[in-house]
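One structure is given below, encoded as structure tokens.
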Amino acid sequence: MTAAAMRPLIPVEDSAASDAGSFAEFFERGRRKAYCFALHLVGEREEAMDITQEAYLRLHARWARRDPGREPTAWLYSVIRNLAIDHLRRRARRREAEVDQTLLRSPAMGPERTAEQSQMAERLWAAIRSLPAEQREILLLRDWHGMDYGQIAEVLGLSLGTVSSRLHHARDKVREQMRRYL
């Protein structure tokens, strides 16, 4: 995803420059994670990019009227999630996301270590993809996107207890599948 593909369409130099500036900062800080979240949900790069861009456009249009008590990241993830659900309903069948393995590799590792880490990453993502959607979503929001339980509950419209329970079950299932490789 290029930065140009995800730029806000409304110039920052508008009359509400401070709001636009804060939006631009918010955009730059979170655009990659937002895209990854959309990618995890819809499984296709171009569709994830479209969903992410649409979500940012919706937030930008309502940025000046946002609730200052609500975390903007949770708001963004809620919009992305809702757009992804709508998209998946229209698409009828879901294809799983490709994980760019190059993000998981370090240039300092030798070829054996790189191959080993790549195999482990593939096994881990297979275990994550095998989870029920409601568990996979919570696991990714917590462990991949770093959201706290309250933010996850807000994004998904669930109670803290439900978030905690689903996360616990998801981690147990992944741990059980990974146990044979460790």
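The values are calculated or read from the model by the stated rules, or taken from the named source; none is laboratory data. Because the structure is a prediction, the values reported are computed rather than measured. Reconstructed Cβ throughout: ideal geometry from the backbone, glycine too, with neighbour counts over all protein chains shown.
Yes/no per residue for (1) at pLDDT 85 or above; (2) at negative phi; (3) among the hydrophobic types (A, V, I, L, M, F, W, C):
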{"site": "Arg29", "(1), (2), (3)": "yes, yes, no"}
{"site": "Arg58", "(1), (2), (3)": "yes, yes, no"}
{"site": "Arg70", "(1), (2), (3)": "no, yes, no"}
{"site": "Trp75", "(1), (2), (3)": "yes, yes, yes"}
{"site": "Val79", "(1), (2), (3)": "yes, yes, yes"}
{"site": "Ile85", "(1), (2), (3)": "no, yes, yes"}
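If you go through region 37-95 and keep only what is closer than 26 Å to Pro132 by Cβ, without any contact (Cβ under 8 Å) to a residue 60 or more places away in the chain and of a type in the set (Gly, Ala, Ser), you end up with Ala38, Gly43, Ala48, Ala55, Ala84, Ala92. Which members of region 34-50 meet the condition of being part of a helix (DSSP H, G or I) and buried (at least 17 other Cβ atoms within 10 Å of the Cβ)? Passing the criteria: Ala34, Tyr35, Cys36, Phe37, Ala38, Leu39, His40, Leu41, Val42, Glu47, Ala48, Met49. Filtering region 136-169 to residues that are among the aliphatic types (A, V, I, L, M) and farther than 22 Å from Tyr35 by Cβ leaves Ala153, Leu158, Leu160, Val163, Leu167. Yes or no: Arg129 among the basic types (Lys, Arg) and either in the same structural domain as Ala38 (by TED's automatic domain parsing) or within 19 Å of Gly30 (Cα to Cα) (or both)? So Arg129 does not fit the description; no. Among the residues making up region 127-140, those that are in a helix (DSSP H, G or I) and either over 17 Å from the mean Cα position of the chain (by Cα) or crowded, with 18+ Cβ neighbours inside 10 Å (or both) are Ala127, Ile128, Gln135, Arg136, Glu137, Ile138, Leu139, Leu140. Scan region 159-182 for residues that are assigned to a loop (DSSP other than H, G, I, E, B) and touching a Lys or Arg at 6+ places or on another chain (Cβ under 8 Å) and the total you get is 1.
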